[in-house]
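J.: Sending over a structure as structure tokens; questions will come in a sec.
The values are calculated or read from the model by the stated rules, or taken from the named source; none is laboratory data. Since this is a predicted model, take the numbers as computed values, not measurements. FYI the Cβ positions are ideal-geometry reconstructions off the backbone, even for glycines, and counts take in every protein chain you see.
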């Protein structure tokens, strides 16, 4: 089986994201990594959807998990007649796609294609599970390949020996920019905003860069202005959970305020990713509101008195005037001209 995860950090190797095998899907529990390397084992596609909702995996991880979850759904219904199998898989495609609302459009491209492939496999008398797993690996290879082009572009923008600031866990772009920097013989320092309340930046992003030999420093979320003022940060970059055609992007909560600080200090902010064809403006972006309890406690330990309240918007929206450029597989776009990305052929991504 051809794979495109060579020379990637542990977190980005396919089996360490989500993997279907022996009628189960194993998902690396990113909520506790690197303190503990633990996998959540799902015996039904519904458990996969719940794991995604619970942020067992996040960033680009659910793109793999929903595909593998569809393979599991096909196995669950294998003893039923063709009509029932097709109906079950269509429902699974919807449920998995909507495990998290902000990225439902992206997940759906994977799950509905898997349902179609399974239906075609059933008509041809073939195993739908094998067809879906193969399609999911193909999707992984495609995303890693396309994002390598983006990683190459981003690496070119980073000064040799310079310093970058990251937000949350950009997953695929982290692995591809690392590979690009190694191929270009370029080294740089990395500052990672820790990203509360789940600390993805501190636990996941910093782990990837440090594992691959980059000088890596974690900043608490209220140290960003200090670091920009005193630590010589040359560039701020993040991925995006949604990129609207009008140049607005949605990313992990806190990205907006870092973008404001970058603008104040004259530091360029480059967003990486592929624009969403169906998101025409910021009004098309749905902000997921998560359980406030996840703010009030961490790893089961309460941080506040019982009467204290919290809010947890999972993402915020950054307007185009704060973005220096959107780095895509077709080059770097001024955010106000991002709609031109669709003027030429768009390759399949998910």
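J.: Can you tell me which residues in the range 10-60 are assigned to a loop (DSSP other than H, G, I, E, B), under 24 Å from residue 209 (Cα atoms) and without any contact (Cβ under 8 Å) to a residue 24 or more places away in the chain?
T.: Within the range 10-60, the subset assigned to a loop (DSSP other than H, G, I, E, B) is 13, 17, 22-23, 29-38, 43-44, 54-60.
Checking which are under 24 Å from residue 209 (Cα atoms) leaves us with 13, 17, 29-38, 55-60.
Across the range 10-60, the qualifying residues are 13, 36, 37, 38.
J.: Considering every residue within the range 92-109, establish whether at least one is touching a helix residue (DSSP H, G or I) at 6+ places or on another chain (Cβ under 9 Å) and farther than 26 Å from residue 348 by Cβ.
T.: Residues of the range 92-109 that are touching a helix residue (DSSP H, G or I) at 6+ places or on another chain (Cβ under 9 Å), as a first pass: 92-100, 103-109.
Those still in the list that are farther than 26 Å from residue 348 by Cβ too: none.
No, the range 92-109 contains no residue that is touching a helix residue (DSSP H, G or I) at 6+ places or on another chain (Cβ under 9 Å) and farther than 26 Å from residue 348 by Cβ.
J.: When only residues in the range 210-257 that are under 19 Å from the mean Cα position of the chain (by Cα) and part of a helix (DSSP H, G or I) count, which is nearest to residue 63 (Cα to Cα)?
T.: 255
J.: For residue 295, are the conditions met, namely being closer than 22 Å to residue 153 by Cα and either within 24 Å of the chain's Cα centre (by Cα) or in the same structural domain as residue 229 (by TED's automatic domain parsing) (or both)? Reasoning before the result, please.
T.: Working: closer than 22 Å to residue 153 by Cα: no; either within 24 Å of the chain's Cα centre (by Cα) or in the same structural domain as residue 229 (by TED's automatic domain parsing) (or both): yes.
It is false that residue 295 is closer than 22 Å to residue 153 by Cα and either within 24 Å of the chain's Cα centre (by Cα) or in the same structural domain as residue 229 (by TED's automatic domain parsing) (or both).
J.: Residue check: is residue 136 surrounded by 21 or more Cβ atoms within 10 Å (Cβ to Cβ), in contact with a helix residue (DSSP H, G or I) (Cβ under 6 Å, 6 or more places away or on another chain), in the same structural domain as residue 33 (by TED's automatic domain parsing) and in a helix (DSSP H, G or I)?
T.: Yes; evaluated as a whole, the condition is true for this residue.
J.: Okay, moving on. Out of the range 192-208, which residues are surrounded by fewer than 23 Cβ atoms within 10 Å (Cβ to Cβ) and farther than 23 Å from residue 317 by Cα?
T.: The answer is 203, 207.
J.: Do the conditions hold for residue 130, that is, is it assigned to a helix (DSSP H, G or I), in the same structural domain as residue 18 (by TED's automatic domain parsing) and either out of contact with any strand residue (DSSP E or B) (no Cβ under 7 Å at 6 or more places or on another chain) or surrounded by fewer than 18 Cβ atoms within 10 Å (Cβ to Cβ) (or both)? Break it down stepwise before answering.
T.: Working: assigned to a helix (DSSP H, G or I): yes; in the same structural domain as residue 18 (by TED's automatic domain parsing): yes; either out of contact with any strand residue (DSSP E or B) (no Cβ under 7 Å at 6 or more places or on another chain) or surrounded by fewer than 18 Cβ atoms within 10 Å (Cβ to Cβ) (or both): yes.
Here the answer is yes, as residue 130 does meet what is asked.
J.: Filter the range 181-201 for residues that are touching a helix residue (DSSP H, G or I) at 6+ places or on another chain (Cβ under 7 Å) and assigned to a helix (DSSP H, G or I) and give the result.
T.: Answer for the range 181-201, where residues must be touching a helix residue (DSSP H, G or I) at 6+ places or on another chain (Cβ under 7 Å) and assigned to a helix (DSSP H, G or I): 181, 184.
J.: Enumerate the strands (runs of 3 or more DSSP E) found wholly within the range 297-350, keeping only those where 1 or more residues are surrounded by fewer than 15 Cβ atoms within 10 Å (Cβ to Cβ). It would help to see each step written out before you state the result.
T.: Values: elements: 315-318, 325-328, 331-333.
In the range 297-350, the matching strands (runs of 3 or more DSSP E) lie at 331-333.
J.: Another question, then. I'd like to check something: does the range 278-293 contain any residue that is out of contact with any helix residue (DSSP H, G or I) (no Cβ under 7 Å at 6 or more places or on another chain), outside any loop (DSSP other than H, G, I, E, B), modelled with pLDDT of 95 or more and exposed (fewer than 12 other Cβ atoms within 10 Å of the Cβ)?
T.: yes
J.: Search the range 155-171 for residues that are assigned by TED's automatic domain parsing to the domain that holds residue 250 and pair each with any residue that is outside any loop (DSSP other than H, G, I, E, B) and at pLDDT below 95 when their beta-carbon atoms are under 7 Å apart and the residues are at least 6 apart or on different chains.
T.: 155/184
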